[in-house]
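Undergrad: After the structure tokens below, expect a handful of questions from me.
Since every read-out is calculated from the coordinates, none of them should be taken as a lab result. These numbers come from a predicted model, not from an experiment. With ideal geometry, Cβ positions are generated from the backbone for all residues, glycine too; neighbour counts draw on all protein chains shown.
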Amino acid sequence: MTDIFANLWFGLSVAITPTNIALCLIGALAGTLVGVLPGIGPLATIAMLLPITFGLSPVGALIMLAGVFYGAMYGGSTTAILVNIPGEAASVVTTLDGFQMALQGRAGPALAIAAIGSFFAGCVATVLIAVLAAPLTKVALLFGPAEYFSLMVLGLVLAIALANGPISKAVLMILTGIVLSMVSDDVQTGQGRMTFDQFELSDGFGFIIVAMGVFGVAEILGNLMKNSERELVTQRVTGLMPTKKDLKDAFPAILRGTLLGSFLGILPGGGAILSSFASYTLEKKISKTPERFGKGAIEGVAGPESANNAASQTSFIPLLTLGIPANAVMALMIGAMTLHGISPGPQVAVKQPELFWGLIASMWVGNAMLLVINLPLVGLWVRLLRVPYRLLYPMILVFCCIGVYSLNTSSFEIMLALAFGLFGYWLNKHDFEVAPLLLGFILGPLMEENLRKAVAIGRGEYLEILSRPLTAVLLVTAVIVLVLALLPSVRKQRETIFVE
Amino acid sequence: MNSPDTPPANARGWIANPRDFFGALVLLLLALFVLWATLDLPGQEGFQLGAGSIPRLFALLLGANALLVMASAAFTPGPSVRYSLPAALAVAAYCSTGLAVYRLAGPPLTAVYLIATAFLFLKKFDELGIRAPVFIGVAIFAFGVFVKPLGLAIAVFALVMVSAAASREFRFVESLIWGVALGVFSALFFILLLNLPIAALPPVLLSK
């Protein structure tokens, strides 16, 4: 126990250097900004900011990018409550009761409860990461290639089971991502694979290019094709303070939301969206007065908001300890680490403790900053919503294009990003969720490397590899999860969580 | 090329769920392409998995799953997606003339040609419902082509001007100002402040 506090203290000393505080603030503010603005999410933002971080230290860069992620969770809820526009998918449920509260003139308490809940959840999640990190890292160091491969298979299967939308489509998207990641020179033999002797492809498609294309460009295309007018209903925010009764009603919901979110965040594919939906369902189910939900019940704001923040932070656990991303944002973080010369995995905690603990402690600092800066700035964020989309999207495109070009100053890669944008648009149009694609894209090469190593070490004896105890347990679990997810009764329940 | 609508059942044709069917069809084609492109790569040799083993494994899985989704989409009713033949033909004509110009005159003139035709036929593209993809696509293409010879500021300006026309709310003067502002901003921010190794202005001008 003392170890954990010593480590957190050490991390805090890294996180509160002036540069890192400033970077954390910039990240959190940028995150809030994109959280507020619909039509641009944390994924595209992190991808756009990545090239800007080249000049920073790895710790600073990761602190800033993490700030974008949890900042977006805060920002998304602000607009959900005030103007009924969820800035992020994770705050869709907040519109249900949050906006109703705003209509009843209780926007202030709703915002305050969302912020307090998020802050509380963030604190708990930070401690949880610190507690779980060390033991998980120890376990992970025992893993060989075969175990890693099976763990990734299990991770992908969980991601499929928990993805929103039909299972078959999630499977397709992950496989597409894996297949796309195979374009490159073979790591072991140097043979070109599907590169058609283009030297630009010998390193494969850069993941920034893929992310910018399928998230940045495709999202803009989708928004323009929808051609929807954005309406602005601006409420005056009066009286931020929640009453004692509000706090009494909200606290248990915050607690439950935090627990649920922390747990779901660790699971691959879980993350913020699922946990906010699940928390809302839970609150409604256990409430003595479920009819109040949808009409301004404060629990309906407190629970989901705590849950999505807790989940967005605990999803760092598999990334930091195992080097396996739990969702698409974490996949981007892996890319960021690789760009900064860090190979993600259990050795990070041992070899680069300042990075590991600094990042963890910065999340706590960032959450505290968000609590302080967000409530007074509410008016500013809402005003930003008035920036028309016709000005916004050219600016996003500028950042995307410069971001891609700055990687290798290659025009070819800009054309690739465009191609991925059109591909992503086609997928969106046909209702294929693209987030799992990025997950597969990042995990593909890792899976291949580990599988090939495992086969080489096992001298080609597949049965022997499969019967290693840990490998067998992981793979059998994966099969069970997959079968469960395909059972008709579970499938129905899965759908109802997202239908609410 | 419009947002998914749900037309009456009789307008659906022989596929019950075109949205899933055609979405998965592209992925099936991708899988087939990968299988074809990795034909010459070695598979497993002795204890070692070869360069081609794993791409083929996943391509097979992808193809098989795509087929499954397509098969179920053919028989289970679902939302439809509107495709328009005139729009597809227009895009094909636009791209193929662009390609011809590219062969004859090189990338910069192609970008100029594509931008000019896009604006010339703006009304037509709008009617066909492909205004957004055309203008966004051309804008990014133009940026990629212009950035090296003309520098970042001009490339950004072109990107903003052309992409702004993708929206029906396009306002010429406003975009002009916005384009200049973003061009100046990106030159200052990315090149002066962040030191990215990109030329801000046309390199030809600077070398004199």
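Undergrad: By counting other Cβ atoms within 10 Å of each Cβ, how are A:ILE63, A:ILE85, A:ILE167 ranked from fewest to most?
TA: In order of increasing Cβ crowding within 10 Å: A:ILE167, A:ILE85, A:ILE63.
Undergrad: Whose amide H sits under 5 Å from the amide H of A:ARG193, counting only residues 5 or more places off or on another chain, with H placed in the peptide plane?
TA: For A:ARG193, whose amide H was placed from the backbone, the distant partners under 5 Å are A:SER184, A:ASP185, A:ASP186.
Undergrad: From the residues A:ALA140, A:MET241, B:VAL101, which one has its Cα farthest along the dipole of the protein assembly as shown in the positive direction, the dipole being from +1 and -1 charges on Cβ of Lys/Arg and Asp/Glu about the Cα centre?
TA: With unit charges placed on the Cβ atoms, the residue in question is A:MET241.
Undergrad: If you don't mind, there's one more thing I want to ask. Give me D for chain A in µm² s⁻¹, whole number, from Stokes-Einstein with Rh from the Kirkwood sum over alpha-carbon pairs, 4 °C and 1.567 mPa s.
TA: This corresponds to a translational diffusion coefficient of 56 µm²/s.
Undergrad: Can I ask one more? If you place +1 on the Cβ of every Lys and Arg, -1 on the Cβ of every Asp and Glu, and leave all else neutral, what size is the dipole of the stretch B:85-207 about its Cα centre, to the nearest 20 Debye?
TA: 160 debye
Undergrad: What number, rounded to the nearest 500 deg cm²/dmol, is the helix-based mean residue ellipticity at 222 nm of chain B, given -39500 (n - 2.57) per DSSP H run of at least four residues and division by all its residues?
TA: -22000 deg cm²/dmol
Undergrad: Then there's this: Take a quick pass over chain A and tell me how many lysine pairs come in under 19 angstrom between Cα atoms, counting only ones 8 or more apart or on separate chains.
TA: For chain A, the number of qualifying lysine pairs is 15.
Undergrad: Next question. Averaged over its residues, how many other protein chain Cβ atoms are within 10 Å of peptide A:383-393's Cβ atoms?
TA: Working: counts 0, 0, 0, 0, 0, 4, 2, 12, 10, 0, 7.
Rounded to a whole number, the mean comes out at 3.
Undergrad: How do A:MET363, A:MET337, A:MET369 rank when sorted from fewest to most other Cβ atoms within 10 Å of their own Cβ?
TA: Taking fewest neighbouring Cβ atoms as first place, the list is A:MET369, A:MET337, A:MET363.
Undergrad: Roughly speaking, what is the centre-to-centre gap between the stretch B:130-208 and the stretch A:366-403 when only Cα atoms are used, to the nearest Å?
TA: Here the two parts' Cα centres lie 21 Å apart.
Undergrad: Which whole-number percentage describes the relative contact order of the stretch A:82-173, with Cα contacts under 8 Å and a sequence gap of 6 or more?
TA: So the answer I get is 12 percent.
Undergrad: Taking the simple approach of a point 7 Å from Cα along Cα-to-Cβ for both B:ALA64 and A:VAL481, what is their distance in nm?
TA: Once both label points are built, they end up 2.0 nm from each other.
Undergrad: Let me ask you something else. Set Lys and Arg Cβ to +1 and Asp and Glu Cβ to -1, take the dipole of the stretch B:85-207 about its Cα centre, and tell me which of B:ALA92, B:PRO133, B:LEU150 lies farthest positive.
TA: In the stretch B:85-207, that residue is B:ALA92.
Undergrad: Also, quick follow-up: How big is the gap, in Å, between the Cα center of the stretch A:76-140 and the Cα center of the stretch A:446-466?
TA: 42 Å
Undergrad: Tell me, what is the percent relative contact order of chain A, built from C-alpha pairs under 8 Å that lie six or more residues apart?
TA: After rounding, I find 28 percent.
Undergrad: Mind ordering B:129-141, B:170-182 by average Cβ neighbours within 10 Å, highest first?
TA: Order by mean packing, descending: B:129-141, B:170-182.
Undergrad: Assigning unit charges at the beta carbon (Lys, Arg +1; Asp, Glu -1) and nothing else, what dipole magnitude in debye, to the nearest 20, does the protein assembly as shown show about its Cα centre?
TA: Here the protein assembly as shown has a charge dipole of around 1280 debye.
Undergrad: What FRET efficiency do you get for B:ALA93 and B:LEU39 if R0 is 41 Å and r is their Cβ-Cβ distance, rounded to the nearest 0.05?
TA: That pair, B:ALA93 with B:LEU39, gives E of 0.75.
Undergrad: Taking the highest mean first, how do the peptides A:18-25, A:251-258, A:315-322, A:67-74 order by number of other beta carbon atoms within 10 angstrom per residue?
TA: A:67-74, A:315-322, A:251-258, A:18-25
Undergrad: Ok, one more. If you count, for every residue in B:66-74, the Cβ atoms of partner chains within 10 Å of its Cβ, what is the mean?
TA: 2
Undergrad: Moving on to the next point. Find how much the distance from A:VAL139 to A:LYS288 grows on full extension, using 0.36 nm per residue of separation minus their present alpha carbon separation; answer in nm with one decimal.
TA: Here the answer is 49.3 nm.
Undergrad: Sticking with this structure for a sec: Take every Cα pair under 8 Å in chain B that's 6+ residues apart, average their separations, divide by the length, and report that relative contact order as a whole percent.
TA: Once normalised by length, the contact order is 18 percent.
Undergrad: Further question: Provide a whole-number value for the mean count of partner chain Cβ atoms within 10 Å of the Cβ atoms in peptide A:50-57.
TA: If you average over the peptide's residues, the count of other-chain Cβ atoms is 2.
Undergrad: Work out the charge dipole of the protein assembly as shown with +1 on the Cβ of Lys and Arg and -1 on the Cβ of Asp and Glu about the Cα centre, then indicate which of A:VAL348, B:LEU41, A:ASN374 is farthest towards its positive end.
TA: The one lying farthest along the dipole's positive direction is A:ASN374.
Undergrad: If a/c stays under 1.5 just call it rounded; otherwise compare a/b with b/c (prolate if a/b is bigger, oblate if not). Do that for the stretch B:85-207, with a ≥ b ≥ c from the square roots of the Cα gyration tensor eigenvalues.
TA: Numbers: a/c = 2.85, a/b = 1.54, b/c = 1.85.
Here the stretch B:85-207 falls in the oblate category.
Undergrad: Okay, next question. Could you sort B:49-57, A:108-116 so that the peptide with the highest average Cβ count within 10 Å comes first and the rest follow in order?
TA: Answer by packing, highest mean first, reads A:108-116, B:49-57.
Undergrad: Okay, next question. Give me log10 I(q)/I(0) at q = 0.14, 0.18, 0.20, 0.26 Å⁻¹ for the stretch A:155-214, Debye formula, one equal scatterer per alpha-carbon, no solvent.
TA: -0.51, -0.73, -0.82, -1.01
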